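Step one of this worksheet: look at the structure below.
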Amino acid sequence: MFKSKSKSSASEIPVGGTTIIGAGTTITGDIDSTGDIRIDGTLIGNISGKAKILLGSDGVIEGSIKGRQADVMGKITGLVDIKEILQLRGKCIVDGDIYAGKLEVEPTATFNGRCHMGANVVELNIDLAPAVNQ
């Protein structure tokens, strides 16, 4: 009598819960998340997310970030690869190259590295391993 139509498609973003790494917590290793993730502590390793990555003002990431969206207020040392929009806010510090669809930088943010933006950049397959000087 009643038919349910499912509107799922392959282009939908996988959704998981929100993960919070609190201040005073240090994680050594890589993180792979399908849901939103907020880091207020320290991550020594790489992070790969399919949703939004938020780095709080006291958060530190010593490694690379790869994801769909990111909002950065803390410190990152490593490559940043964001498909959609990367926001550098407050007194954030980013030491490393950026690959992003779009970039928003507040005047108080600090960025040291190279920036590659636009739709063509998003298509590139970026290796999260640091480049080796030859």
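The values are calculated or read from the model by the stated rules, or taken from the named source; none is laboratory data. Predicted model only: the values in this text are computed from it and were never measured. FYI the Cβ positions are ideal-geometry reconstructions off the backbone, even for glycines, and counts take in every protein chain you see.
Residue pairs whose Cβ atoms lie under 6 Å apart, sitting 6 or more positions apart in sequence or on different chains, and linking a residue in the range 81-94 that is over 20 Å from GLY118 (Cα atoms) to a partner that is buried (at least 24 other Cβ atoms within 10 Å of the Cβ), are CYS92/VAL72. Within 15 Å of ILE37 (Cβ to Cβ), part of a strand (DSSP E or B), within 8 Å of the chain's Cα centre (by Cα) and not hydroxyl-bearing (Ser, Thr, Tyr): is that true of ASP71 in this structure? Here the answer is yes, as ASP71 does meet what is asked. For LYS66, the stated conditions do not hold, so it cannot be described as over 21 Å from THR19 (Cα atoms), basic (Lys, Arg) and either over 12 Å from the mean Cα position of the chain (by Cα) or at pLDDT 95 or above (or both). Looking only at the range 57-69, how many residues end up being closer than 17 Å to ILE93 by Cα and surrounded by fewer than 20 Cβ atoms within 10 Å (Cβ to Cβ)? Result for the range 57-69: 4.
Of the residues THR25, THR77, the single one that is farther than 22 Å from GLU106 by Cβ and not acidic (Asp, Glu) is THR25.
Looking only at the range 26-42, count every residue that is in a strand (DSSP E or B) and either surrounded by 19 or more Cβ atoms within 10 Å (Cβ to Cβ) or hydroxyl-bearing (Ser, Thr, Tyr) (or both) and tell me the total. Qualifying residue count for the region: 7.
Select from the range 1-20 the residues that are at pLDDT 60 or above, β-branched (Val, Ile, Thr) and part of a loop (DSSP other than H, G, I, E, B) and list them in ascending order. THR18, the sole residue that qualifies.
Within the range 84-105, being surrounded by fewer than 19 Cβ atoms within 10 Å (Cβ to Cβ) and under 21 Å from ASP36 (Cβ atoms) holds for GLU84, ILE85, ARG89, GLY90, GLY101, LYS102, LEU103, GLU104. Kindly indicate whether ALA23 is part of a strand (DSSP E or B) and not hydroxyl-bearing (Ser, Thr, Tyr). Criteria not met by ALA23.
In this structure, is GLY90 in contact with a strand residue (DSSP E or B) (Cβ under 7 Å, 6 or more places away or on another chain) and outside any strand (DSSP E or B)? In short, no. Taken residue by residue, the range 43-54 has at least one member that is more than 10 Å from the chain's Cα centre (by Cα) and either part of a strand (DSSP E or B) or free of Cβ contacts under 8 Å to residues at least 12 places away in the same chain (or both).
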